[in-house]
């Protein structure tokens, strides 16, 4: 995971996206912020309001402590969280179901800035999605690694073939039962 600055994980519900994300995070010893409106994650301080999260991050920075935050906030706060992540830097930013915080495949301003320039602040980004065709193209174009679990939706398979050069027969035959996945580095 060290070399991958932006990782995209795709797969249908129950395929293992969140499980793999948790495995990756369990090996990461630095600061992280997880956008987790679906309640998949534990292992950090859970915030359901923006203000306490902002107070927490300031305290952690002041005392040179790691940030380990899980956010279960309203969608309207997502862009502000992206700004905070970029300003702090040196962390892992996980976005569960990225298509839920983007509009018609377009990134909010601060997410776009993170995707373009976050590497200069040592921000690693990992986002999951059920629907590759509905994720922002800026996100997928900046990805250094794709991890793909089983997908069967024709428009998503077409997207994987067109934009990532993936053999869709392999994607269709991945086993959900065994959480099989394939990886492509760029």
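The values are calculated or read from the model by the stated rules, or taken from the named source; none is laboratory data. Just so it is clear, the model here is predicted, and its values are computed rather than measured. Because the Cβ atoms are built from the backbone with ideal geometry, glycine has one as well, and the counts that use them run over all protein chains shown.
For residue 96, the stated conditions hold: it is crowded, with 22+ Cβ neighbours inside 10 Å and either at pLDDT 95 or above or more than 15 Å from the chain's Cα centre (by Cα) (or both). Restricting attention to the range 132-155, does a residue exist that is under 21 Å from residue 27 (Cβ atoms), modelled with pLDDT under 90 and surrounded by 15 or more Cβ atoms within 10 Å (Cβ to Cβ)? No, the conditions are met nowhere in the range 132-155. Within the range 99-115, if we keep just the residues that are over 22 Å from residue 30 (Cα atoms) and in contact with a strand residue (DSSP E or B) (Cβ under 8 Å, 6 or more places away or on another chain), the residue that is surrounded by the fewest Cβ atoms within 10 Å (Cβ to Cβ) turns out to be 99. Condition first: more than 13 Å from the chain's Cα centre (by Cα), surrounded by fewer than 22 Cβ atoms within 10 Å (Cβ to Cβ), part of a helix (DSSP H, G or I) and without any contact (Cβ under 8 Å) to a residue 40 or more places away in the chain. Can you find one or more residues in the range 24-46 that meet it? Yes: one or more hits. Residues in the range 166-186 that are surrounded by fewer than 18 Cβ atoms within 10 Å (Cβ to Cβ) and either in a strand (DSSP E or B) or under 21 Å from the mean Cα position of the chain (by Cα) (or both): 176, 179, 180, 182, 183, 184, 185, 186.
Here residue 56 meets each of (1) in contact with a strand residue (DSSP E or B) (Cβ under 8 Å, 6 or more places away or on another chain); (2) free of Cβ contacts under 8 Å to residues at least 60 places away in the same chain; (3) under 22 Å from residue 100 (Cβ atoms) with one exception, condition (3).
Condition first: at pLDDT below 95, crowded, with 19+ Cβ neighbours inside 10 Å and more than 16 Å from residue 36 (Cβ to Cβ). Can you find one or more residues in the range 116-131 that meet it? The answer is yes, given that some residue of the range 116-131 is at pLDDT below 95, crowded, with 19+ Cβ neighbours inside 10 Å and more than 16 Å from residue 36 (Cβ to Cβ). Counting only helices (runs of 4 or more DSSP H) that sit completely within the range 75-165, those holding 1 or more residues that are closer than 23 Å to residue 15 by Cα and in contact (Cβ under 8 Å) with a residue 60 or more places away in the chain correspond to 137-142, 154-164.
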